[in-house]
């Protein structure tokens, strides 16, 4: 056993339904795009399936069909969770058959252990930990199931939970929670040309954080494969707050894909009352033909934005926006969910993800705050320094 309980500990703890939450597999927290089986789904093809049938009472389903809640997904569930699970199904299958099937699936518990735990009262520490696990599971799911230990710890502290980082890591193992692992998204969608007229590189890899919003925007786009063909997603990001200001989803990677995203970013800032001096705001992108086109350059000039293009052939010419694209594809697209069918489905997913990204996702580069909150704090600080004190 991963944890050895004191001689007298209780069977209480989470409600029976919570056992399903705590014993699911590693990706179960990604509830936003899953359509899998219910927590108590059956086990198919297991080596003990045929033999297990004889252990069930007449007219009842075999307990092996119910053990799916304890699929491998981390450390062994706490004993109180296993006891609560047995309590749920003991009248249907009997204690001994359930313990036997659980042991076959790596969750060893003897009937005597079950009865001993039933005879002892639950401790306050066990109750607190059970509720804490449920709270962490809820937080993990609310954040698209992408947080690892560090970010989930920050989210828990923001939610008012008194929990340490190491404790979060241990309880994530108990609940089978893991963060999203970013892959390599280096497939090029832009057509580059070293000979095409383009803006100079005003950034030169100077990825320092600007002092205020609307000093540096970065832009890029990528593709999403669907059953109806490729769909392209363009983003415009403010480097100061990491806020996604503009985005566009189309089935074509022509110039209007990036010009529409730029127009949305400009409109978002104008509706918020923001203005900038001509040439003070820099828009940086890679050397793709969409960003060097006459139409896109005209949009920049009309808005008073200085264009900046990274070096052709430089893998880091637009690293910051490519990082945001990587987050998008890892957290919203390549998350193990269903295959995307068409543009409208992808567009809806992008809208949901961008809203969560701007309003809730924690970013270590901006003090572990969401972009909208970071900008709000900046405005408050600026206002406090510009309003004169009243004598």
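With no solvent and one equal point scatterer placed on each C-alpha of the range 216-383, evaluate the Debye formula and give log10 I(q)/I(0) for q = 0.10, 0.12, 0.19 Å⁻¹, two decimals. For the range 216-383 at q = 0.10, 0.12, 0.19 Å⁻¹, log10 I(q)/I(0) is -0.37, -0.54, -1.34.
Rounded to the nearest whole angstrom, the semi-axes of the ellipsoid equivalent to the range 338-383, taken from the Cα gyration tensor as √(5λ), stand at 31, 11, 5, largest first. Each of 208, 376 has some number of other Cβ atoms within 10 Å of its Cβ, and from fewest to most they run 208, 376.
DSSP beta bridges confined to the range 216-383 are antiparallel in about 70 percent of cases.
Counted residue by residue at 0.36 nm each, then reduced by the alpha carbon distance between them, the extension gain from residue 383 to residue 91 reaches 98.6 nm. By the count of neighbouring beta-carbon atoms within 10 Å, fewest first, 280, 253 end up ordered 280, 253. Here the residues 355, 378, 140, ranked from fewest to most Cβ neighbours within 10 Å of their Cβ, fall in the order 355, 378, 140.
Bear in mind these aren't lab numbers, they're just calculated from the coordinates by the rules spelled out. Every value quoted in this text rests on a predicted model; they were computed, and no experiment measured them. As a convention, Cβ positions derive from the backbone with ideal geometry for all residues, glycine included, and neighbour counts pool all protein chains shown.
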